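This report refers to the structure that appears directly beneath it.
Read-outs: derived from the displayed coordinates by stated rules, not from any lab. Note that the structure is predicted; figures quoted are calculated from it, not measured. Every residue, glycine among them, receives a Cβ derived from its backbone with ideal geometry; neighbour counts consider all protein chains shown.
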Amino acid sequence: MADVEVAPTDLRFRFALNRQLLATINVTNKDPDNKVAFKVKTTAPKRYVVRPSSGVVPAGQATAVQIIMQAQREAPPDLADCKDKVSSSVAAPPSGGGEPGAARQPTRRPAAHRRHQCLLLTPYDCCMQTCVRSSWSK
């Protein structure tokens, strides 16, 4: 499997009513010779939009995948304990050569899977994180 980094592990959304919220997953291909393919899905497709949901990362480059939480008219009941997840899979494309038009047997390489937890932060949570960070830096 190619050397690929998918970050971050947790997606943090600062919850606000009637606004779309954005988080980003970065897929970095550290392999200088091979491209990798990725696919990103969510457990709540009506709540989240993934763009691009799949693609290819060229050798030695990175791609940003946006996770957009649709605008909510009311706070979800599971705001404090959100169980939504985003799943990312990364795999090297099948290898196999040969002449064009000739039948070939592709060799599939194993895919790397990662689950990202969606965290919905309230304004209180955001304030507490800022207060804690500022008290650590003193």
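Points worth noting:
- Spin-label model, T43 to Q20: label points 7 Å out along the Cα-to-beta-carbon direction sit 2.5 nm apart.
- Phi angles of segment 69-74 translate, via the Karplus equation with coefficients 6.51, -1.76, 1.60 and θ = phi - 60°, into HN-Hα couplings of 7, 4, 4, 9, 7, 9 Hz per residue; Gly and Pro are given as x.
- Stretchable slack from K83 to A59, in nm (0.36 nm times residue separation minus alpha-carbon distance): 5.2 nm
- Taking amide H atoms as placed 1.01 Å from N in the peptide plane, the amide H of D84 lies under 5 Å from those of C118, each 5 or more residues away in sequence or on another chain.
- Residue-span extension gain [K35 to R12] - 0.36 nm each, minus C-alpha spacing: 5.4 nm
- 5 angstrom amide H check on R12, placed H, neighbours 5+ away: L119
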